[in-house]
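Every read-out reported here was derived from the displayed coordinates using simple, explicitly stated rules and does not represent laboratory data. Values in this document were obtained by computation on a predicted structure and should not be read as measured data. Here Cβ is always computed from backbone atoms with ideal geometry, including for glycine, and neighbour counts include all displayed protein chains.
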Amino acid sequence: MKKKVVVGAALMMMPLVSFAGGYLTNTNQHAAFLRSLSRGAAIDIDGALSNPAGLSFLPTDGFRVGVSIQSAFQTRDIDASFSTYNGFDPVNKVPTVSDVPYKKYYKGKAAAPVIPSVFAAYKKGDWTISGFFAITGGGGKASFDDGLPMFESAAMAGIFKESVAKYIKTGGQSPIVTPDMYTINSAMDGKQYIYSLQLGLSYKITDWLSAFAGGRMNYFSGNYDGYLDAKLKKDFGGTDLMNLALDCDQTGWGLTPVLGVDVKYGKFNFGAKYEFKTNLNIENNTKKLDYPDSAEDLVGPYKHGVNTPNDIPSMLSVAASYQFLPMLKASVEYHFFDDKKAGMAGGKQKELERGTNEYLFGIEWDVIKRLTISGGAQITDYGLSDNFQSDVSFSCDSYSLGFGAKVMLSEKMALNVGYMWTNYHDYTKKSENYCGTNLPGVNVYSRTNKVFGLSLDYAF
């Protein structure tokens, strides 16, 4: 019923429960990833995130830095169809159900116009210290101007049941309220970001083997602001039926240990990285929470001071690249996100069938000395189930395509430009107890995602 409140929870969970690419469907915030998609075996400044052990094989000693900006735009839509009560049988004393389901298309828009990141590395002999600062997760800023079906349907059912109780209590003097008698207005704005700062050290053990150890500090920051108002139409008196409102800030800290290795053998390079699970609890700073007594169970998790688990799952990355020709290189990569073992609100991770598998492919071609063009593909396969999917937190299997170029502006300066587009497979969820209303319903979840990135790298 409190649409806004729950939507806020959704935004909070969406980036974390599906961290295989998270909100952006990308696992590296450098533009070089967008243009090739497979960077787990690359030896370049963006390796501070994707292949930190490989930085030990940088060709020269010295300091390197990379600055990147990405812009992401996404939609999260729900095509809903659910049954509603439309009257009351006084003889049998049971509610009646409409023959025609209530249908509505709910649109959600999310945007992160500026996603900055900084990568740095200093190599001295066999040792390399590296780090980065980036927004590695979160949902950016999202708006749901039409609300969400799970709350709208719950509000409809709640309003009807309350009116039936009054109808019986007053002996038929109080009217039974059906959906044609009132309007529901709801909206919410939400934003969430995970700011990450990583620092680590890599060492070239032999001419062909290097290792990395480091840690990443993650800070979660979110805000959710919204409302739901249900009011009788003027013809029926125009009185308020339900009013809800939420204004909640959420913050939390978590540490991610990171290990990596790199094996360089002839024209082959192999990179591997393991990020341990991050224990992350989100604490509420609730400035406003208005709701009726009937919504107590729904809004309880958003009360001031409540802590909610939102762990970042462990992640394994394994990649290999091969230099076919002096000007042609290709790479393949595999990611596994152990979402099922990462704590989520209400233990929701238990509903997943398994963790997330991700497959990445990339190719780079040096057209001329100062110009490289590239492209790549990514397949993301979640372990989804109907019980896991909800209006406030849903994922869709997808494939992504990326392309772009690297231009050497000078011997020490490189410009990377990349674009990535993601195609999602719609997910259909059927329920005989739609959102707890004891009525049937169907939701079709769909998403879109487009990301553009620009990076400037410099070797001192």
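So I have [x] 1.07; [y] 1.04; [z] 0.96, and one of them is Rg/Rh (Cα atoms, Kirkwood Rh) calculated from this model. Which one is it?
Only one option fits the structure, namely [x].
Please report the spacing between the Cα centers of region 197-224 and region 425-455 in Å, no decimals.
So the separation of the two Cα centres works out to 35 Å.
Between Thr60 and Val367, what is the label-to-label distance in nm when each label sits 7 Å out along the Cα-to-Cβ direction?
About 2.6 nm, to one decimal.
Assuming 0.36 nm per residue, please report the length gained on full extension of the stretch Leu401 to Ile168 beyond their Cα-Cα distance.
Details: separation 233, 0.36 × 233 = 83.88 nm, distance 5.96 nm.
Computed gain between Leu401 and Ile168 is 77.9 nm.
Among Cys248, Cys396, rank each residue by its count of other Cβ atoms within 10 Å, from fewest to most, as a rough exposure measure. Before the final figure, lay out the partial values.
Numbers: Cys248 26, Cys396 19.
Fewest to most other Cβ atoms nearby, the residues stand as Cys396, Cys248.
At 7 Å along the Cα-to-beta-carbon direction for both Lys341 and Phe324, put a label point, then send me their distance in nm to one decimal.
Label at Lys341, label at Phe324, 3.7 nm between them.
If I fit a long axis through the Cα atoms of helix 149-169 and take the longest principal axis of the Cα atoms of the chain, what angle between them do I get, 0 to 90°, rounded to 10?
20 degrees
Using alpha carbon centroids, what distance separates region 292-353 and region 75-128, in Å?
If you average the Cα positions of each part, the centres end up 17 Å apart.
Could you name the aspartates and glutamates whose alpha carbon sits less than 20 Å from that of Lys369, not counting residues in the same chain fewer than 8 places away?
Filter leaves Asp44, Glu411, Asp457.
How much length is gained on full extension from Asp207 to Thr448, taking 0.36 nm per residue of separation minus their Cα-Cα distance? Before the final figure, lay out the partial values.
Working: separation 241, 0.36 × 241 = 86.76 nm, distance 4.45 nm.
Between Asp207 and Thr448, full extension yields 82.3 nm more.
Trp253 versus Tyr265, label points 7 Å from Cα toward the beta carbon: distance in nm?
Rounded to a tenth, the inter-label distance reads 4.3 nm.
Give the angle, between 0 and 90 degrees and rounded to the nearest 10, that separates the Cα long axis of helix 3-17 from the longest principal axis of the Cα atoms of the chain.
Helix 3-17 sits roughly 30 degrees off the main axis of the chain.
First measure r as the distance between the Cβ atoms of Val67 and Asp293, then evaluate 1/(1 + (r/R0)^6) with R0 = 51 Å and state the FRET efficiency to the nearest 0.05.
Values: r = 52 Å, r/R0 = 1.03.
It comes out at approximately 0.45.
My understanding is that a pair violates if its Cα-Cα distance is over 18 Å; which of Lys264/Lys329; Lys93/Lys166; Lys191/Lys350 do that in this structure? Let's see the in-between values first.
Working: Lys264/Lys329 14 Å; Lys93/Lys166 13 Å; Lys191/Lys350 26 Å.
Over 18 Å apart, Cα to Cα: Lys191/Lys350.
For the peptides 215-222, 452-459, what is the packing order when you average, over each peptide's residues, the other Cβ atoms within 10 Å and list the highest mean first? Mind showing how you got there, number by number?
Numbers: 215-222: 18.5, 452-459: 20.0.
Ranking, from highest mean packing down: 452-459, 215-222.
Which cross-chain or sequence-distant (5 or more) residues have an amide H under 5 Å from the amide H of Leu241, H modelled 1.01 Å from N in plane?
Distant-sequence amide H within range of Leu241: Ala230, Lys231, Leu232.
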